[in-house]
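Worksheet: one structure, shown below.
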């Protein structure tokens, strides 16, 4: 079976943002907490954390990654009125910190350069709550962006976020290929691997060795390959990664 295209997720697949997200999330949580409870003790902090995590989990389950919306819901949970201007600024600061700590994996550019000589390359990435594709972090990496003939930003302009099949199908349509002719590489098992599988693309789960993270237990019925470095797309025959 001949593979004609390789399609990638962006964050934690081509670039490492783990430290940035951890730092930005920690600062944002603390600022929201202190604005709600300026004189609170440790017990109140634990209650806040439990509610915060529950709300964030419920938003992510609906593929809603807007930090502003999550924080707004936290204020609502504690019956407090949020200052929209302050939340907007907090969200701006959040993404600026993430962006400042986002770097391509060491092998990303060289692997894309080699793959682009043999295959069509595409990206399907979620907005993560950012307002427009012009603000997506991908635009800050022209050295990566230039390799991709097709870029789909899911979660904006009426296009649902991954793992909904629509962004995957749209990318295939734009690239003029069939699902079985494409490999999809992503780090998130639910959004990437199960999403790609739902349209019968060939999923490759990248659990990058440089990312410190608790990886979920996969669905035992799902069919996918695992790599720990983008170089393995070169070392292994790409067509062998297909079904």
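The values are calculated or read from the model by the stated rules, or taken from the named source; none is laboratory data. Treat the numbers as computed from the prediction; the structure is a model and nothing was measured. As a convention, Cβ positions derive from the backbone with ideal geometry for all residues, glycine included, and neighbour counts pool all protein chains shown.
Yes/no matrix, rows are residues, columns are (1) loosely packed, with under 13 Cβ neighbours inside 10 Å; (2) in the same structural domain as residue 173 (by TED's automatic domain parsing); (3) in contact (Cβ under 8 Å) with a residue 60 or more places away in the chain:
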residue	(1), (2), (3)
206	no, yes, yes
212	yes, yes, yes
215	yes, yes, no
225	no, yes, no
229	no, yes, yes
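Somewhere in the range 79-86, is a residue out of contact with any strand residue (DSSP E or B) (no Cβ under 9 Å at 6 or more places or on another chain), in contact (Cβ under 8 Å) with a residue 12 or more places away in the chain, crowded, with 16+ Cβ neighbours inside 10 Å and on the phi < 0 side of the Ramachandran plot? Checked against the condition, which is being out of contact with any strand residue (DSSP E or B) (no Cβ under 9 Å at 6 or more places or on another chain), in contact (Cβ under 8 Å) with a residue 12 or more places away in the chain, crowded, with 16+ Cβ neighbours inside 10 Å and on the phi < 0 side of the Ramachandran plot, the range 79-86 yields no hits at all.
Okay, residues lined up against (1) loosely packed, with under 13 Cβ neighbours inside 10 Å; (2) over 30 Å from residue 178 (Cβ atoms):
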site: 9; (1), (2): no, no
site: 18; (1), (2): no, yes
site: 28; (1), (2): no, yes
site: 32; (1), (2): no, yes
site: 49; (1), (2): yes, yes
site: 52; (1), (2): no, yes
site: 56; (1), (2): no, yes
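Candidates 212, 191: the one that is within 28 Å of residue 21 (Cα to Cα) and at pLDDT below 90 is 212. Set side by side, the residues 129, 122 differ, and just one is touching a helix residue (DSSP H, G or I) at 6+ places or on another chain (Cβ under 6 Å), buried (at least 18 other Cβ atoms within 10 Å of the Cβ), modelled with pLDDT of 95 or more and closer than 28 Å to residue 208 by Cβ, which is 122.
Per the conditions (1) out of contact with any helix residue (DSSP H, G or I) (no Cβ under 6 Å at 6 or more places or on another chain); (2) more than 23 Å from residue 60 (Cβ to Cβ), the sole criterion not satisfied by residue 166 is (2).
For residue 4, all conditions in the list (1) touching a helix residue (DSSP H, G or I) at 6+ places or on another chain (Cβ under 9 Å); (2) surrounded by fewer than 19 Cβ atoms within 10 Å (Cβ to Cβ); (3) more than 30 Å from residue 116 (Cβ to Cβ) hold save one; what is the number of the exception? Checking residue 4 against (1) touching a helix residue (DSSP H, G or I) at 6+ places or on another chain (Cβ under 9 Å); (2) surrounded by fewer than 19 Cβ atoms within 10 Å (Cβ to Cβ); (3) more than 30 Å from residue 116 (Cβ to Cβ), the one that fails is (3).
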